[in-house]
Amino acid sequence: MTTVDEQTEGAPTRAWLMGAAAWLVPGLGHLLQGKWWRALLLSGAVWICFIAGFQMGGHLFKYTGSEPGLSALLQVPPMIANLGNGLAYIVCWLWDYGFAHGEQQAALPTFEFGWTFLLVAGLLNYLAMLDAFDIAARRKS
Amino acid sequence: MRHFLVMTAFAALAGIVFGTVAKNSAREQFMYGLKVFAEFMIIGLVLAWILYFIPF
């Protein structure tokens with residue numbers, strides 16, 4: 001029986017690479033390990049959630065520092081959740097796409113569902129990333 | 001109706017991911033995903049009815 005410390009120390013470099021791949025592109029970490037079925041299910045769910053979020057009028061969060069005082073920090077937790085989308089978030093950030101929202105967009109009945117879906121897409125991908133890491137570290141099959 | 005569909009989609013997507021990462025065999029994944037889906041739906045509907053009767 002191994003302890004938690006032994007498991008953490010024993011995680012090979014490959015496991016960290018698989019975790020990084022899974023974070024960068026949803027499903028890639030499982031795909032590289034030959035887990036086709038898991039890759040299909042996880043990437044499908046995360047991508048559908050992400051695209052549906054934008055379709056419903058949602059927007060991404062980023063830390064701007066423009067808010068007064070400590071209220072600027074309120075942007076950080078949702079930004080961390082959005083960051084779970086990996087490359088998709090980075091591309092949107094580089095192109096400055098999907099961060100702002102106009103009055104028309106905010107008036108949509110699905111506006112709040114939209115950004116919630118975008119947050120959840122990132123959080124679900126964090127779960128997928130941990131799963132890919134655990135499989136590569138042989139903690140699960 | 002739109003809200004219900006969005007909630008159903010949300011529960012289905014969360015159920016797929018939770019079921020896939022939490023269990024190993026296909027049957028266990030399906031059953032656990034179904035359980036998570038049902039829990040999201042039931043809790044969502046119960047909360048919706050509770051909030052419906054709150055007048056603010």
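The values are calculated or read from the model by the stated rules, or taken from the named source; none is laboratory data. Predicted model only: the values in this text are computed from it and were never measured. So basically every Cβ, Gly included, is an ideal-geometry build from the backbone, and we count neighbours across all protein chains shown. Calculation scope for accessible area: heavy atoms of the full protein, side chains included, ligands and nucleic acids excluded. Shrake-Rupley method; radii C 1.70, N 1.55, O 1.52, S 1.80 Å.
You will find that of B:PHE56, B:PHE4, the residue that is more than 11 Å from every other protein chain (Cβ to nearest Cβ) and not in a helix (DSSP H, G or I) is B:PHE56 and no other. Within the range A:50-73, residues that are over 28 Å from A:PRO26 (Cβ atoms) have Cβ atoms under 8 Å from residues that are acidic (Asp, Glu) in no pair, counting only partners at least 6 apart in sequence or on another chain.
Which pairs do you get when a residue that is without any contact (Cβ under 8 Å) to a residue 40 or more places away in the chain, found in the range B:32-56, comes within reach of a residue that is open to solvent by 90 Å² or more (accessible area, probe 1.4 Å) and assigned to a helix (DSSP H, G or I), reach meaning Cβ atoms under 9 angstrom, with the pair 6+ apart or on two chains? From the range B:32-56, the pairs are B:ALA48/B:HIS3.
From the list B:ALA14, B:ALA26, which one is surrounded by 12 or more Cβ atoms within 10 Å (Cβ to Cβ) and either hydrophobic (A, V, I, L, M, F, W, C) or over 30 Å from A:MET129 (Cα atoms) (or both)? Full working, then the answer.
Details: B:ALA26 fails: surrounded by 12 or more Cβ atoms within 10 Å (Cβ to Cβ).
It is B:ALA14.
Can you name every residue in the range B:12-53 that is part of a loop (DSSP other than H, G, I, E, B) and more than 9 Å from every other protein chain (Cβ to nearest Cβ)? The answer is B:LYS23, B:SER25, B:PHE53. The combined condition, being touching a residue at least 12 places away in the same chain (Cβ under 8 Å) and more than 29 Å from B:ALA22 (Cβ to Cβ), is not fulfilled by A:PHE117.
Quick one: which helices (runs of 4 or more DSSP H) lie wholly within the range A:8-59 and hold at least 2 residues that are over 23 Å from B:LEU13 (Cβ atoms) and open to solvent by less than 60 Å² (accessible area, probe 1.4 Å)? Even if it seems obvious, please write down each step before you answer.
Numbers: elements: A:13-24, A:28-31, A:36-55.
Those helices (runs of 4 or more DSSP H) span A:13-24.
Screening A:ARG38 with (1) in contact with an Asp or Glu (Cβ under 8 Å, 6 or more places away or on another chain); (2) of a type outside the set (S, T, N, Q); (3) more than 30 Å from B:THR8 (Cβ to Cβ) gives one miss only, at (3).
Mind listing just one residue for me: the one in the range B:34-52 that is of a type outside the set (A, V, I, L, M, F, W, C) and at pLDDT 95 or above and, of those, most open to solvent (accessible area, probe 1.4 Å)?
Narrowing the range B:34-52 to residues of a type outside the set (A, V, I, L, M, F, W, C): B:35, B:39, B:44, B:52.
The next check asks that each one be at pLDDT 95 or above; those that pass are B:35, B:39.
Numbers: B:LYS35: 109, B:GLU39: 85 Å².
Per the stated criteria, the residue is B:LYS35.
Of all the numbered requirements in (1) part of a helix (DSSP H, G or I); (2) more than 24 Å from A:ALA11 (Cα to Cα), A:GLY65 misses one, and that requirement is (1).
Contact map, the range B:10-25: first residue basic (Lys, Arg), second residue surrounded by fewer than 20 Cβ atoms within 10 Å (Cβ to Cβ) and modelled with pLDDT of 95 or more, Cβ cut-off under 7 Å, separation 6 or more or different chains; pairs are B:LYS23/B:TYR32.
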